[in-house]
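Written out below as structure tokens is the structure these notes cover.
The values are calculated or read from the model by the stated rules, or taken from the named source; none is laboratory data. Note that the coordinates shown come from a computational prediction; the quantities given were computed from them, not determined experimentally. Here the Cβ positions follow ideal geometry from the backbone for every residue, glycine too, while neighbour counts run over all protein chains shown.
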Amino acid sequence: MCSTNSLAWGAWEFFRRRNPGPLTSSWVSRALAALCLFYAAVPSWMAILDSRFEGPWLGPVFLAALLVAIFRLLRPRERDLFQPAAGLAAAISVVTVTASRVLLEESETQEAGVLLIGFLVLAQVAGAAAWLRRAGRSS
Amino acid sequence: MRPPLLEVLRQLGRESLLDPEAVSGLLAIGDQGERHSAPWFVRLLVGCGAWVASGFLVAFLFMVEVVPEDLGAAFFGAFVLVGAGALRRSPAAAGSDFLQQSALAGWLVGQLLVVFGVGEGTESLPVTAGIVLVVQAFSVAFFPDAVARFLASGFAVAALLALMLHWKIPQGDELAFLLSAVAAGLLWWHRPALLSGRFPQAVGPVGYGLVFSAFTLLALALADPFELHPSGTLSSTALVAGVLLMAWCLLGERRRSGPGLAVMGFVLLLGLATSSAPGVMAAAGTLVLGFRSGERGLLGLAWSFLLFFLAAFYYNLEVTLWEKSGLLLASGALLLGLRTLLRRCR
């Protein structure tokens, strides 16, 4: 699903750059980007949470590739802030799931782990919001 | 579509048609709002982050057993709420996303503790719902955060619904929906006057919160497990009456002209055709409010729910797929015909 949506998104962006006339809607690009990230984030959570997971780690690989595409390949002037926001949300979810696994399963004091995860979420979201606001103002 | 309010004010100020002092005061409020407002998806990210963080913080408080039981938890929650309010109103939080996040998470934690404490302590749903309503009123007035005010509107509607269902008021779910829909309609209709009132920054978030809550109630009615039925005859009739009233006011002297009568007739026809799915009429009314106030966010919300309710309406029609496709074609043809008629009359 992730690769199919990525192909559709890539094709849309390619044709939009070549002939932007009929393809001006930002919503198609937004919807395709959100679907790609969703289909990359869910297998990433499963790979992190399932201790018996033995399959290829395609989710994290796809997610990393999508984040590179969003933050590096899309030119800042053409970039809608929705895609970076969705990318950051997916990355935050994966980091939080990883931290939860490490802190709650492998730590002896679960209380401290729960408190740390709460602050970790706050810090990540505050950082993401600050970056997005600065990016919005600069563009 | 009407131009945004701030643009109209700027133009009136440029043409010296309004008192310059009043214009500059209103523009300062509006500019402040624009400067502090982020795109909707950033606000959504912030809101979700605050929810998750507050969940972990509440879990931590219960795990270390520092939270007293019953009413003690409510008093503890009230202290947390006051602390969060003070933090959010402090000058340091104005330019710090982290402090704003922390205050919002604290506000949510305080709310949860107050509800939990009062609920456990009194074991009375009316008292708990009443406290929730009071806390939301204070939050809207004194907690200067758009996400908190948006959520507070939703919590207030949920408390109202809980009261209606608890007291087994006939068609209580419909009444709860109608109260939120009427409040949303009045708020957006009188928005210019409210913006010069005591809480101008609360008008937008509360307006969006009420509209979203009303739509959510109608959407919940589509899911059987909730056993909510806010979409009965009372809702349908009141919504058609409300949209007709708005059309009547907006048409002004053109009420008795051809296009005016066509618009009123179309509203009536749409209301009759979708009487089993009042979400369509609610979305149409929100579209009218959105166009009137020049609020693109409200229009986006209305279009999203209109598509959702239209899809649900056609899905739930107890006719064959062949007849459904015919109905869709006929609806499209009717709308295109009305558009042509209105353009010709104009």
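Points worth noting:
- Each residue in region B:38-57 was checked for being surrounded by fewer than 22 Cβ atoms within 10 Å (Cβ to Cβ) and either more than 7 Å from chain A (Cβ to nearest Cβ) or outside any helix (DSSP H, G or I) (or both), and 9 pass.
- Every residue from region A:85-139 that is more than 27 Å from A:Pro43 (Cβ to Cβ), more than 9 Å from chain B (Cβ to nearest Cβ) and not small (Gly, Ala, Ser): A:Glu108, A:Thr109, A:Arg134, A:Arg137
- Test for B:Phe142: is it closer than 30 Å to B:Glu295 by Cβ, surrounded by fewer than 19 Cβ atoms within 10 Å (Cβ to Cβ) and not basic (Lys, Arg): yes
- If you go through region B:98-118 and keep only what is surrounded by fewer than 22 Cβ atoms within 10 Å (Cβ to Cβ), touching a residue at least 24 places away in the same chain (Cβ under 8 Å) and under 17 Å from B:Ala53 (Cα atoms), you end up with just B:Leu112.
- Scanning region B:163-180 for residues that are among the charged types (D, E, K, R) and surrounded by fewer than 20 Cβ atoms within 10 Å (Cβ to Cβ) turns up just one, B:Lys168.
- Considering only residues in region B:76-97 that are within 14 Å of chain A (Cβ to nearest Cβ), part of a helix (DSSP H, G or I) and exposed (fewer than 15 other Cβ atoms within 10 Å of the Cβ), the one that is modelled with the highest pLDDT turns out to be B:Ala92.
- Helices (runs of 4 or more DSSP H) fully within region B:152-261 counting 2 or more residues that are under 15 Å from B:Val288 (Cβ atoms) and either in contact with a His (Cβ under 6 Å, 6 or more places away or on another chain) or free of Cβ contacts under 8 Å to residues at least 40 places away in the same chain (or both): B:172-189, B:233-251
- Residue check, B:Gln100 in contact with a helix residue (DSSP H, G or I) (Cβ under 8 Å, 6 or more places away or on another chain) and either within 14 Å of chain A (Cβ to nearest Cβ) or not in a helix (DSSP H, G or I) (or both): yes
- Sole exception among (1) farther than 22 Å from B:Ala159 by Cα; (2) surrounded by fewer than 19 Cβ atoms within 10 Å (Cβ to Cβ); (3) charged (D, E, K, R) for B:Asp70, by number: (1)
- Criterion: touching a residue at least 12 places away in the same chain (Cβ under 8 Å) and touching a Ser or Thr at 6+ places or on another chain (Cβ under 8 Å) - qualifying residue of B:Leu61, B:Leu87: B:Leu87
One line per residue, one yes/no per condition, for (1) outside any helix (DSSP H, G or I); (2) exposed (fewer than 14 other Cβ atoms within 10 Å of the Cβ):
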| position | (1), (2) |
| --- | --- |
| B:Ser275 | yes, no |
| B:Thr286 | no, no |
| B:Tyr314 | no, no |
| B:Trp322 | no, yes |
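- Each residue in region B:142-181 was checked for being over 17 Å from B:Gly207 (Cα atoms) and acidic (Asp, Glu), and 2 of them qualify.
- Residue within region B:107-120 that is charged (D, E, K, R), in a helix (DSSP H, G or I) and under 17 Å from the mean Cα position of the chain (by Cα) present: no
- Tally of residues being within 17 Å of B:Thr237 (Cβ to Cβ) and buried (at least 19 other Cβ atoms within 10 Å of the Cβ) across region B:181-196: 2
- Scanning region B:62-75 for residues that are in contact with a Leu (Cβ under 8 Å, 6 or more places away or on another chain), assigned to a helix (DSSP H, G or I) and either within 14 Å of chain A (Cβ to nearest Cβ) or closer than 24 Å to A:Gly113 by Cα (or both) turns up just one, B:Ala73.
One line per residue, one yes/no per condition, for (1) hydrophobic (A, V, I, L, M, F, W, C); (2) at pLDDT 80 or above:
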site	(1), (2)
A:Met46	yes, yes
A:Val61	yes, yes
A:Leu67	yes, yes
A:Leu74	yes, no
A:Glu78	no, no
A:Ala89	yes, yes
A:Val97	yes, yes
A:Val102	yes, yes
A:Glu111	no, yes
